[in-house]
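These notes concern the structure reproduced below.
Nothing in this text is a laboratory measurement; each read-out follows from the coordinates by a stated rule. Remember, it's a predicted structure, so these values are computed and weren't measured experimentally. Note that we place each Cβ from the backbone using ideal geometry, even for glycine, and neighbour counts take in every protein chain shown.
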Amino acid sequence: MRENGRLGVLIVDDEKPARSDMARILGTMDGVEIVGEAGNGIEAVEKIDLLEPDVLLLDIRMPGLDGFQVVERISRLEEAPAVIFVTAYDTHALKAFEVHAADYI
């Protein structure tokens, strides 16, 4: 949780319209602060280190690093953000929870 008492959220998706939709919806919620967006897995890892989000809304299929590779990289962090996978593919649900995702939507 941020100093202002809000959850800091980083939105990661390679499709700009999907990021915009999530940002629009989250922008209406009390207690949520969008700290940034990333368009691929490599950018996500960099921004996670820089922005220290509390929650990561993470797509699975992306160029560079996919969502699972991002989770593998950030699992080494002392305080890794909670991960919510946001994807159109239901085939990855079991694996998402195996890597300790907070949710899968």
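For (1) in contact with an Asp or Glu (Cβ under 6 Å, 6 or more places away or on another chain); (2) without any contact (Cβ under 8 Å) to a residue 40 or more places away in the chain; (3) under 23 Å from Ser75 (Cα atoms); (4) not β-branched (Val, Ile, Thr), each residue gets a yes or a no:
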| position | (1), (2), (3), (4) |
| --- | --- |
| Gly5 | no, yes, no, yes |
| Glu15 | no, no, no, yes |
| Arg24 | no, yes, no, yes |
| Gly31 | no, yes, no, yes |
| Asn40 | yes, yes, yes, yes |
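Residues considered: Glu72, Glu78. Of these, the only one that is exposed (fewer than 15 other Cβ atoms within 10 Å of the Cβ), out of contact with any strand residue (DSSP E or B) (no Cβ under 6 Å at 6 or more places or on another chain) and free of Cβ contacts under 8 Å to residues at least 12 places away in the same chain is Glu78. On the stretch given as the range 70-82, residues that are under 19 Å from Gly8 (Cα atoms), out of contact with any Gly (no Cβ under 9 Å at 6 or more places or on another chain) and in a loop (DSSP other than H, G, I, E, B) total 5.
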